[in-house]
Amino acid sequence: MKISIVGTGYVGLVTGACFSDAGHEVMCIDNDPKKIEMLHRGEMPIYEPGLEELVERNVKAGRLHFTTSIKEGTEFAEVIFIAVGTPPGVGGEANMTYVEQVGREVAENMTSYRLLVEKSTVPAKTSEHLKRTVLKYLQADTDFDVASNPEFLREGSAISDATRPDRVVVGVESQRAGDLLEEIYRPILEKGGGKFLRMSVTSAELTKHASNSFLAMKISYINAVARICELAGADVEQVAEGMGLDVRIGPLFLRAGVGYGGSCFPKDVDAFVRLSDFLGYDFKLLKEVQRINQTQRDYVMKKIKQELWVVQDKKIAIFGLAFKPQTDDIREAPSLYFVPKLQEMQAKVCAWDPIAEENFKKVHPELECAKDLYECARDADLVLILTEWDEVKNLDFNKLKEVMTTPVIVDGRNIFKPAEVRALGFTYHSVGRD
Ligand SMILES: NC(=O)c1ccc[n+]([C@@H]2O[C@H](COP(=O)([O-])OP(=O)(O)OC[C@H]3O[C@@H](n4cnc5c(N)ncnc54)[C@H](O)[C@@H]3O)[C@@H](O)[C@H]2O)c1
């Protein structure tokens, strides 16, 4: 089947590559000409494990194409996925400018039936606005549908998430739209398993915000428990293990640390809170989830200050800039909080990250970075761990101790066992275990 996808970012490009690998013919569209030029040259505009090979294979097979033209994409396929960004707008609600723009351009160019599918994360009721936009700009006398198909992939494991989904949620208003989406996903679900769920458009839209907010809630919950553990003298890792083995709770997202970041959780929780307010429900539980997350960074910063006493002129080595391992994405990463805060306090900051340095330097070109963990930590008074990269997990502590001025680690990801690191001569602080 022919499919167009507008927005060739983390979601659009991975989805396009996976749909084409499942046998469909896909046109990926982006209004950033640099991205499309890179893709035409066989270069990836983002880092995602396994993506380059997948794209190359499907381009060679003639199933995956790239363009900057929505007109071309609209003519190419009956089904058009919208995977553009929905960043936080003024006041925290999702900024729907890009989605509206795509709806308008598709409407202006369609001459026969088209199914527009919201893959971007959008607030409930977006489909109503999208339908109105299409009707406003539609030139031809033709039928169309708007559907919702929220995306649940995670950066870093996006390809396996997209090819082996737990579930595919589609919200549709017509049999035709539901059948088209079922046909698209059939080869993926036949191979990778997972359930195809057909529901109303509003329910599908809401499923995404409700899921991400629930996961964020789990993280804030364990971070709150971590604070209590420190006050009571317990170990949050032990508590989390004891909780997580209960099948009703599950072990995932029960890692205490510096709090959640990334391009989804902060903005999606915010958007869900705003939507609830707008609909007339004061979602106090989620507001507390946000508050805990915000204060978690201050809480770790307090540990740094307590340890260093005077931060000015001390060298702090930051291990990890990406919001999580296996991605170059720094959107809402904890590093974006710590780097400027420490610079404000006139610390000498040096950072290491295997792939996110380039993206981080677009925002903080002044940041000194090292290509190697031990170079980064040379003469440092403190190492701050913000991303659990394998290189960090496999640290050579003896080598680290040799290069540092004072062997102090503040571990914002609870990677190591405190007793083991302390036995090697380090002062070691983590979250919920001191
Ligand atoms: N990144 C994730 O892990 C993830 C997971 C699930 C859902 N989502 C959601 O998917 C959506 C996309 O996220 P992303 O991370 O892929 O964003 P992204 O910023 O990586 O990609 C969005 C792309 O859309 C393009 N674009 C914007 N306006 C356009 C227009 N008018 N015409 C053509 N292209 C346009 C941009 O140039 C960009 O390349 C968001 O709503 C996000 O919340 C993201």
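Odds and ends about this structure:
- In plain terms, the chain from residue 355 to residue 111 could stretch by 83.5 nm, reckoned as 0.36 nm per residue minus the Cα-Cα distance.
- Computed over protein heavy atoms with a 1.4 angstrom probe, the accessible surface ordering of 198, 255, largest first, is 255, 198.
- Percent of Cα-Cα distances greater than 34 Å, calculated over the chain: 37 percent
- 19 Å Cα-Cα reach of residue 34 towards lysines, excluding residues that sit fewer than 8 places from it in its own chain: 71, 361, 362
- Cα-projected label distance for residue 398 with residue 202, points at 7 Å along beta-carbon direction, nm: 6.6 nm
- Subtracting the Cα-Cα distance of residue 128 and residue 179 from 0.36 nm times their residue separation leaves 16.3 nm of extension gain.
- Accessible area expressed per residue, segment 45-182, with surrounding protein chains retained (probe 1.4 Å, Å²): 44 Å²
- Cα-Cα separations in segment 1-127 greater than 26 Å, expressed as whole percent: 19 percent
- The chain: angle of helix 284-308 to the longest principal axis, Cα-based, in degrees nearest 10: 30 degrees
- Accessible-area rank, largest first, for 214, 426: 214, 426, with all protein chains present and a 1.4 angstrom probe.
- The fraction of accessible area contributed by carbon and sulfur in segment 209-289 is 65 percent, rounded to a whole number (1.4 Å probe; ligands and nucleic acids excluded).
- Principal axis extents of the C-alpha atoms in segment 369-434 (largest first, rounded to whole Å): 30, 22, 17.
- Rounded Å value of the spacing that divides the Cα centres of segment 15-69 and segment 180-221: 24 Å
- Segment 74-177, Rg to Rh (Cα coordinates; Rh as Kirkwood inverse mean 1/r): 0.98
- When both bridge partners sit in the chain, DSSP labels roughly 5% of those beta bridges antiparallel.
- Overall dimensions of segment 297-429 by Cα: Rg and Dmax, Å: 13.4, 40
- Heavy-atom accessible area with a 1.4 Å probe sorts 253, 360, 272, largest first, into 253, 272, 360.
- 20 °C / 1.002 mPa s Stokes-Einstein diffusion coefficient of segment 170-214, Kirkwood radius on C-alpha pairs, µm²/s: 188 µm²/s
- Sorted from longest to shortest, the spans of the Cα atoms of segment 209-289 along the three principal axes equal 41, 27, 23 Å.
- Figure legend: label point modelled 7 angstrom from the Cα of residue 56 along Cα→Cβ; residues of segment 26-40 with amide N under 15 Å from it are 39-40.
- For residue 284, the lysines whose Cα falls under 17 Å of its own Cα, not counting residues fewer than eight places away in the same chain, are 218, 267.
- Rounded accessible area of residue 401 (nearest 10 Å², 1.4 Å probe): 90 Å²
- Note on residue 423 and residue 252: with the Förster distance fixed at 30 Å, the Cβ-Cβ geometry gives a FRET efficiency of about 0.50.
- Angle in degrees between helix 265-279 and the longest Cα principal axis of the chain, rounded to the nearest 10: 60 degrees
- In degrees, nearest ten, helix 175-192 long axis to first principal axis of the chain (Cα): 50 degrees
- For segment 306-434, the solvent-accessible area with a 1.4 angstrom probe is 44 square angstrom per residue.
The values are calculated or read from the model by the stated rules, or taken from the named source; none is laboratory data. Just so you know, these numbers come straight off a predicted model, no measurement behind them. Virtual Cβ from ideal backbone geometry, glycine too; neighbours counted across all protein chains shown. For the accessible areas, the whole protein counts, side chains as well, though only heavy atoms, and no ligand, DNA or RNA atoms are used. Shrake-Rupley method; radii C 1.70, N 1.55, O 1.52, S 1.80 Å.
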